[in-house]
Amino acid sequence: MILYLHGFRSSPLSFKARLLDKRLQELGRASEFHCPQLPASPRNAIALASEIAAKADPERLTLIGSSLGGYYATWLVEKFGCRAVLLNPAITPPADLEKYVGVMTMFHTNEPFEFKREHVDELKAFAVKRITRPERYFLLAATGDEVLDWREMVVHYPGATQHVIEGSDHGISEFAEYVDEVLAFCGILPDSD
């Protein structure tokens with residue numbers, strides 16, 4: 001099973017989620033892809049992701065987390081012992097998202113939601129200071145990320161498989177070029193190296 005965790009203000013309609021879904025459909029494995037709409041509350045987002053993840057054998061589960069979803073995925077990997085692909089993951093979202101407290105809109109639907117001050121505190125509970133078993137992690141980080149610092153990502157996942165993209169952006173606009181590499185780490189495709 002692949003459980004995709006989208007980023008802040010994002011949704012299952014994100015570019016990367018749709019590309020992964022399409023590729024898995026082409027491979028006849030669409031039923032293995034799950035991408036729920038995550039609630040604004042980090043506690044509720046982790047609870048929803050945990051409920052889905054608990055239904056899978058950790059050996060056959062890979063989380064793919066983008067931005068804030070990468071922060072969530074890291075905590076969940078440490079809890080469940082599965083694997084994770086991290087796409088420009090947030091490392092310090094309590095500090096990064098403090099300025100977004102208030103009513104926001106979703107990127108793909110313009111639907112309003114409220115990011116509350118207590119959500120910042122909830123984020124702190126899911127911090128992972130140091131990862132264990134780095135072989136469970138694959139980091140895809142872009143040096144051109146205009147939102148988060150790729151160097152913090154590289155330092156936070158020492159010993160993990162790391163692919164640093166020169167340039168690109170926070171959304172990894174050319175993600176289609178990396179889909180098979182991601183799916184290979186998930187155990188879906190033979191190693192694409």
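The values are calculated or read from the model by the stated rules, or taken from the named source; none is laboratory data. Every value quoted in this text rests on a predicted model; they were computed, and no experiment measured them. Cβ sites come from the backbone with ideal geometry, for glycine too, and all protein chains shown count toward neighbours. Remember, those area values only see protein heavy atoms, side chains included, never the ligands or the DNA or RNA. Shrake-Rupley method; radii C 1.70, N 1.55, O 1.52, S 1.80 Å.
Taking all protein chains in place and a 1.4 Å probe, what share, in percent, of the accessible surface of the chain do carbon and sulfur account for? Percent of accessible area from carbon and sulfur atoms in the chain: 51. Put one equal scatterer on each alpha carbon of the chain, apply the Debye formula with no solvent term, and list log10 I(q)/I(0) at q = 0.18, 0.20 1/Å to two decimals. Log-scaled intensity ratios, in q order: -1.29, -1.64.
Share of antiparallel DSSP beta bridges in the chain, in percent to the nearest 5? Here the share of antiparallel DSSP bridges comes out near 15 percent. Database remark: amide H of Ala40 closer than 5 angstrom to no amide H (H placed geometrically; neighbours at sequence offset of 5 or more, or on other chains; Pro and chain starts carry no H). Proximity of backbone amide H atoms, modeled 1.01 Å from N, is registered between Gln162 and Leu139 at under 5 Å, excluding neighbours fewer than 5 places apart on the same chain. Report, in whole Å, the centroid distance computed from the Cα atoms of the stretch 141-185 and the stretch 91-132. With the stretch 141-185 and the stretch 91-132 each reduced to a Cα centre, they are spaced 21 Å. A cut-off of 5 Å between modelled amide H atoms, ignoring neighbours fewer than 5 places along the same chain, links Phe33 with Ile2.
Only beta bridges with both residues in the stretch 75-148 are counted; by DSSP, about 50 percent of them are antiparallel.
Within straight-line reach of Lys22, meaning a Cα separation under 25 Å, sit the following lysines at least 8 residues removed in sequence or on another chain: Lys55. A 1.4 Å probe run over the protein chains yields, for the stretch 78-193, 52 Å² of accessible area per residue, whole-number rounding. When +1 charges are put on Lys and Arg Cβ atoms and -1 charges on Asp and Glu Cβ atoms, the dipole computed for the chain relative to its Cα centre reaches about 600 debye. If the Kirkwood radius is taken over C-alpha pairs of the stretch 8-121, then at 25 °C and 0.890 mPa s the Stokes-Einstein diffusion coefficient equals 165 µm²/s.
Assuming charge only on the beta carbon of Lys and Arg (+1) and of Asp and Glu (-1), the dipole of the stretch 55-145 about its Cα centre is about 340 debye to the nearest 20. Each Lys or Arg adds one and each Asp or Glu subtracts one; over the other residues with Cβ under 12 Å from the Cβ of Phe175, this totals -1. Taking a straight line from the alpha carbon of Lys116, these lysines sit under 18 Å away, with near neighbours fewer than eight places off in the same chain left out: Lys99, Lys124.
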